[in-house]
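Here is the structure we will look at.
The values are calculated or read from the model by the stated rules, or taken from the named source; none is laboratory data. In this text the structure is predicted, and so the values were computed from the model without any measurement. Cβ placement follows ideal geometry from the backbone for every residue including glycine, while neighbour counts extend to all protein chains displayed. Only protein heavy atoms, including side chains, enter the accessible area calculation; ligands, DNA and RNA are left aside. Shrake-Rupley method; radii C 1.70, N 1.55, O 1.52, S 1.80 Å.
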Amino acid sequence: MLTILTENPEATKQLGENLGRSLLPGSIVALAGELGSGKTTLVQGIGQGLGINNIIKSPSFVIIHEYSGRVPLYHLDLYRLASLQEISSLGYEEYFYEKNGIVAIEWAEKMKDLLPPEFLKIKLEIVNLSKRKITLESYGSSYNKVIEKLKRLACFY
Amino acid sequence: MKKMLILGIETSCDETAAAIVENGKRTLSNVVASQVELHQKFQGIVPELASRKHLELIIPVIKEALKEGGVKLKNLDAIAATYGPGLLGSLLVGLTIAKGIAYTLRIPFVGINHLEAHLYVNFLQYPQVSPPLVGLIISGGHTELIYLSKEGEYKVLGTTRDDAAGEAFDKVARILNLGYPGGPAIEEIAKKGNPHSIPLPLTHFKEDTLDFSFSGIKTAVLYYVKDLQKRGEFIPTADLAASFQLKVAQMLTQNLSKAAHLKKVKQVILGGGVSSNLFLRSFLEKEKPEGIELFFPSLELCTDNAVMVAACAYPKIKKGKASPLSLDAQPNLNL
């Protein structure tokens, strides 16, 4: 587990960028945090780390945005979804198990029973207007390496 | 000249809509079955529910459009349906039925870009609108600033870097406990508030850009509310809604004016659900640069509808630009 305090959205994005550089194809990143806590900002950073040039926007409305980079990024947002039943009809399994890209899921807690055993959980908490407390936790062991790598870079946020 | 009757179908998001437009100009019928009530229960869109509801509604809505327009199915000359952007499951319902009818009747089918249709409404309603011009689409899913150099030639000048304008309205409405859909709720309560009472930040980019950002304003509202809650103080909902609405209006106006100046156009057209916001309309009219003429679709044609789809298809059919029946839904379609 790793907890990082970011001073502003740029630092949150920088953390995301380092993460994007460290994640392997097939990775699943589950983001939890209230409105305005910086989930989309972090995913924007992940996109930069993957060399994606498109603007990464909030997918709240259309639920899924796909981007092609060094590794494809699938940006899911469950904000508007109500129940597990509706989430399970999304066809998310294809993104998790077949496409071999990076899957970043906002409001992932809504599908916690559907997540695979191995994923990287990132919790974002609002400390004050610009400052965020970001906690990374590996479910299963495969993301411990990523966390170790980010730890070494942590002094730069 | 023989009349050309086009049936338009729109199911990209919340609304199941069908309409008949004659010669791309005259609206014979406009039927919209909104799922807003259904989604209100869930405070948002439920995609699977949405496509199931579209399936239930699409046939009755098409029948109603034919009846209201006094048109028989066999007299249709072409069918148009939205093929993107939107929710995949929802798009497929309208697209599939449109292709089915076109195939059965042996008439042309045209797939329509939802964004183009939102702008095209202005050509339907205002004969004096003609390119070159700048367009702005503002809705729950989109914030697109467009340069239209000539008919059919679109260039995206700016877009949101985070939340869409309408999405920001929805999320701020959620923060303020105003319910869904957020746009009308904020507009209503903001009438009782002072837009200058609460200082909210307007996002500035370091570089020169025509892009938008609404996430910072949303977060500022959230933070303001949390701070008051922590201290157990009264939350001035109306003032917050009004101040938020003003900031959104300022951000939109600022880029729209800049784009109009940059492209030296005399006409600016708007479209999408947020352009039905009356505060925004009057703010834009007041703050727009001199010599620029603004066009807003009538209120019922700002939000999703099928009139815009049928109208947008007309010039394409005239030019023989029908779509193949193999055309697929494209959830991430751009202009």
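Among residues that are touching a residue at least 60 places away in the same chain (Cβ under 8 Å) and open to solvent by 20 Å² or more (accessible area, probe 1.4 Å), B:Pro181 is included. Annotation note: Cβ proximity below 8 Å between a residue of the stretch B:315-335 that is in contact (Cβ under 8 Å) with a residue 24 or more places away in the chain and a residue that is part of a loop (DSSP other than H, G, I, E, B) and open to solvent by 60 Å² or more (accessible area, probe 1.4 Å) (sequence gap 6+ or interchain) occurs for B:Pro315/B:Glu151.
For the stretch A:136-157, a tally of residues being open to solvent by 20 Å² or more (accessible area, probe 1.4 Å) and not in a helix (DSSP H, G or I) returns 7.
Against the condition surrounded by fewer than 23 Cβ atoms within 10 Å (Cβ to Cβ) and in a loop (DSSP other than H, G, I, E, B), how does A:Glu93 come out, does it pass? It is false that A:Glu93 is surrounded by fewer than 23 Cβ atoms within 10 Å (Cβ to Cβ) and in a loop (DSSP other than H, G, I, E, B). Out of curiosity, is A:Ala82 within 18 Å of A:Glu34 (Cβ to Cβ) and without any contact (Cβ under 8 Å) to a residue 60 or more places away in the chain? Against the criterion (within 18 Å of A:Glu34 (Cβ to Cβ) and without any contact (Cβ under 8 Å) to a residue 60 or more places away in the chain), A:Ala82 qualifies. When the helices (runs of 4 or more DSSP H) confined to the stretch B:31-113 are screened for residues that are modelled with pLDDT of 95 or more, hydroxyl-bearing (Ser, Thr, Tyr) and open to solvent by 30 Å² or more (accessible area, probe 1.4 Å), those reaching at least 1 such residues are found at B:88-105.
Between A:Thr6, A:Thr41, the distinction of being touching a residue at least 40 places away in the same chain (Cβ under 8 Å) and among the hydroxyl-bearing types (Ser, Thr, Tyr) belongs to A:Thr6 only. Flag: B:His196 matches the condition of being open to solvent by 20 Å² or more (accessible area, probe 1.4 Å) and either farther than 20 Å from B:Ile137 by Cα or without any contact (Cβ under 8 Å) to a residue 24 or more places away in the chain (or both). Scanning the stretch B:68-81 for residues that are in contact (Cβ under 8 Å) with a residue 12 or more places away in the chain and either over 23 Å from B:Ile317 (Cα atoms) or not aliphatic (A, V, I, L, M) (or both) returns B:Glu68, B:Gly69, B:Gly70, B:Lys74, B:Asn75, B:Asp77. Across the stretch B:106-147, the number of residues qualifying as within 14 Å of another protein chain (Cβ to nearest Cβ) and of a type in the set (Gly, Ala, Ser) comes to 3. Here the condition is being out of contact with any strand residue (DSSP E or B) (no Cβ under 9 Å at 6 or more places or on another chain), at negative phi, within 12 Å of chain A (Cβ to nearest Cβ) and not hydroxyl-bearing (Ser, Thr, Tyr); of B:Gly182, B:Gly158, B:Gly166, it holds for B:Gly182 alone.
Residue count for the stretch A:96-114, restricted to those that are surrounded by fewer than 21 Cβ atoms within 10 Å (Cβ to Cβ) and among the aromatic types (Phe, Trp, Tyr): 2. Of all residues in the stretch A:60-89, exactly one satisfies the criterion of being in a loop (DSSP other than H, G, I, E, B) and within 13 Å of the chain's Cα centre (by Cα), namely A:Leu78. Checking the stated criteria, B:Thr203 turns out not to satisfy the condition of being modelled with pLDDT under 95, over 21 Å from B:Gly86 (Cα atoms) and crowded, with 24+ Cβ neighbours inside 10 Å.
Being at pLDDT 95 or above and either β-branched (Val, Ile, Thr) or assigned to a loop (DSSP other than H, G, I, E, B) (or both) holds for only one residue in A:Ile56, A:Ile46, and it is A:Ile46. Considering the stretch A:45-81 alone, what residues qualify as being facing chain B (nearest Cβ under 8 Å) and open to solvent by 20 Å² or more (accessible area, probe 1.4 Å)? Result: A:Ile55, A:Lys57, A:Phe61, A:Val62, A:Ile64, A:His65, A:Glu66.
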